[in-house]
1. Across the stretch 254-278, what is the total count of residues that are in a loop (DSSP other than H, G, I, E, B) and within 20 Å of ASP316 (Cβ to Cβ)?
2. Restricting attention to the stretch 363-387, which residues are touching a Lys or Arg at 6+ places or on another chain (Cβ under 9 Å), farther than 17 Å from ALA476 by Cβ and not β-branched (Val, Ile, Thr)?
3. Go through (1) surrounded by fewer than 24 Cβ atoms within 10 Å (Cβ to Cβ); (2) over 13 Å from ASN128 (Cβ atoms) and name the single condition PHE148 misses.
4. Only residues in the stretch 329-354 that are assigned to a strand (DSSP E or B) count as the first member; pair them with residues that are at pLDDT 95 or above and of a type in the set (Phe, Trp, Tyr), Cβ under 9 angstrom, at least 6 apart or cross-chain, and list the lot.
5. Can you go through PHE374, PHE444 and tell me which one is among the aromatic types (Phe, Trp, Tyr), over 22 Å from the mean Cα position of the chain (by Cα), under 16 Å from HIS329 (Cα atoms) and surrounded by 14 or more Cβ atoms within 10 Å (Cβ to Cβ)?
6. Pick from ILE165, ILE154: which is in contact (Cβ under 8 Å) with a residue 40 or more places away in the chain, touching a Leu at 6+ places or on another chain (Cβ under 9 Å) and within 23 Å of GLN421 (Cβ to Cβ)?
7. If we scan the stretch 244-256, do we find a residue that is farther than 23 Å from ASN371 by Cα, surrounded by 24 or more Cβ atoms within 10 Å (Cβ to Cβ) and touching a residue at least 12 places away in the same chain (Cβ under 8 Å)?
8. Out of curiosity, is SER124 at pLDDT 95 or above and on the phi < 0 side of the Ramachandran plot?
Amino acid sequence: MDEANPVSIFESMNRMPLPSPATSRSRSLLRLPAAILGLALGLGASAHAAPQINVPYERILNSKNEPQNWLTWGGDYSAHRHSTLTQITPQNVGNMKAIWTYQQADTSKWEVTPIVVDGIMFISERPNIVTALDARTGRPIWNYRRPFPQDVPICCGTPNRGVAILGDAIYLCTFDGHLVCLDANTGLERWDVVVEDYHLGYSLTAAPIAVKDKIVVGVAGAEFGIRGFIDAFDAKTGKRAWRFWTIPGEGEPGIETWGNTGSHKTGGGSTWVPGTYDPETNLIYWGTGNPAPDYNGDNRPGDNLYTAAEVAIDADTGKLKWHFQFTPHDVHDWDACQVPVLFEAVVNGKLRKLLGHANRNAFYYVLDRTNGQFVAGSQFAKQTWSKGLDDSGRPILIPGLEPTQEGVLVYPGLGGSANWQPPSYSPTTGLMYVSAREDYGQHFFKIEQPYTVGGHFENGGGRNVLGSEPYGVIKALEATTGKTVWEFPLQTATHGPVLSTITGLVFSGTAEGDFFALDARSGKPLWRYPGGGAFYGGPVSYMVDGKQYVATAIGAGLFVFGL
């Protein structure tokens with residue numbers, strides 16, 4: 001099947017196999033004619049046109065008014081990942097069962113968070129695939145497949161964590177460095193632009209976010225010595241509107257934090273997990289990755305701005321408004337790409353606009369999101385590298401724990417106490433629910449290795465502790481302080497995202513594939529489903545035809561549950 005002749009019938013009707021995404025060198029499309037689409041969506045035989053998907057910026061801005069949909073990667077611009085639907089409760093969640101499943105072609109871990117709009121679900125599949133599904137039944141409506149080059153440098157797999165929607169368009173970031181715009185109703189490609197050359201080590205793994213009339217994207221690749229950035233593109237044309245470099249250039253503020261070695265040119269600072277947006281301040285908040293090389297900081301003396309930091313940038317211009325660095329001169333691969341969560345709360349008798357960040361370095365931070373001021377911070381998992389945080393939030397280092405040629409034991413290990421997996425915040429309980437890792441240390445070592453274009457530039461690594469068995473844990477943290485209220489330990493380490501609900505539930509999963517629900521106030525287990533594959537998907541909740549569902553990827557399957 002070539003690009004000029006897309007498939008135009010439903011796969012399950014004609015049993016025509018689709019090309020493997022690993023071998024296809026051309027785009028293919030699976031889409032339904034309007035009459036068939038109407039039948040697939042249960043609209044009746046007399047339906048002559050499919051429902052037209054259209055999500056203008058105002059709908060995303062007011063997404064809390066339509067909890068039946070899931071319009072952004074984080075559930076809303078604040079990234080609460082919190083559902084206000086009320087049918088599924090702690091009292092009846094035990095009756096929840098699988099309603100339908102959908103299998104992706106790739107059997108690797110699936111880190112997608114679905115978008116759900118008016119009964120249609122949009123998902124990305126590895127490595128460069130988008131599929132529209134009937135959210136009632138799981139039947140495919142259309143499928144877009146983009147070829148995947150065989151010479152792309154790969155650090156940590158080829159995940160694709162989701163898509164964005166704006167107007168009548170779906171936006172996909174591809175692993176090989178492209179941003180693609182698709183018609184949301186047909187899956188037809190509108191435009192395809194290069195964000196950056198993948199031969200240089202750049203890749204795109206984060207879901208894009210739609211802000212006003214722009215699509216904002218981050219990049220991966222710090223392990224290849226890239227110079228990180230955040231880009232914004234015009235949603236209609238694909239023309240780049242602005243770029244914010246996470247590593248300062250010559251003569252720019254912050255360049256002095258790299259010494260006089262030229263190391264900033266290959267300084268890392270990737271932005272491989274989506275950020276969040278505050279319409280009131282018009283600021284985009286984004287966590288930045290580790291400096292490069294990861295484990296050997298000898299040639300990059302200084303704090304190495306703006307790596308391992310939170311940056312707040314103007315949504316219209318891309319100009320930096322403030323930054324907060326969590327781990328200055330990081331040499332343990334503790335990048336700060338964890339999701340910043342925005343909320344409002346009373347601190348010392350005053351209502352403040354806050355940002356919560358459960359960091360890879362084992363500390364939870366609360367910042368004033370209007371100016372980046374440090375408000376509070378506390379340790380939420382075992383760590384041995386810092387005596388704590390000073391009044392400005394800067395870590396008080398314990399000497400002698402930088403990597404050596406022989407190796408030095410440090411907690412947490414390079415995977416961190418929290419990683420890319422997004423937490424959930426409940427305005428009802430005031431708690432931040434974090435998927436964390438405990439009792440996790442490694443022996444960090446460094447080596448000397450020159451930079452080569454597109455080659456690994458880590459200069460060291462971490463060795464596991466013999467006999468140690470780190471484990472996962474769901475922690476409920478007081479959002480304003482980071483104090484642990486309850487925790488639910490898991491048998492093994494996990495990278496499971498979290499969903500909370502207004503009725504008092506917390507959903508997440510395990511490395512063994514169990515999807516479970518906990519009581520949001522106590523952490524008591526209430527329900528579990530054995531999914532049969534490692535849990536990496538971002539759970540969402542939506543409603544169609546008056547019925548609430550919970551959807552998540554487990555292993556290579558997308559599972560949808562209901563009462």
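1. 3
2. ASP368, ARG369, ASN371, GLY372, PHE374
3. Failing condition for PHE148: (2).
4. Hits for this filter: VAL341/TYR425; LEU342/TYR77; LEU342/TYR277; LEU342/TYR285; LEU342/TYR425; PHE343/TYR425; LYS353/PHE343; LEU354/PHE343.
5. Going through PHE374, PHE444 in turn, the sole match is PHE444.
6. That would be ILE165, the only listed residue that is in contact (Cβ under 8 Å) with a residue 40 or more places away in the chain, touching a Leu at 6+ places or on another chain (Cβ under 9 Å) and within 23 Å of GLN421 (Cβ to Cβ).
7. No, the stretch 244-256 contains no residue that is farther than 23 Å from ASN371 by Cα, surrounded by 24 or more Cβ atoms within 10 Å (Cβ to Cβ) and touching a residue at least 12 places away in the same chain (Cβ under 8 Å).
8. It is true that SER124 is at pLDDT 95 or above and on the phi < 0 side of the Ramachandran plot.
The values are calculated or read from the model by the stated rules, or taken from the named source; none is laboratory data. None of these values were measured; they are calculated from a predicted model. All Cβ positions, even for glycine, are placed from backbone atoms using ideal geometry, and neighbour counts span all protein chains on display.
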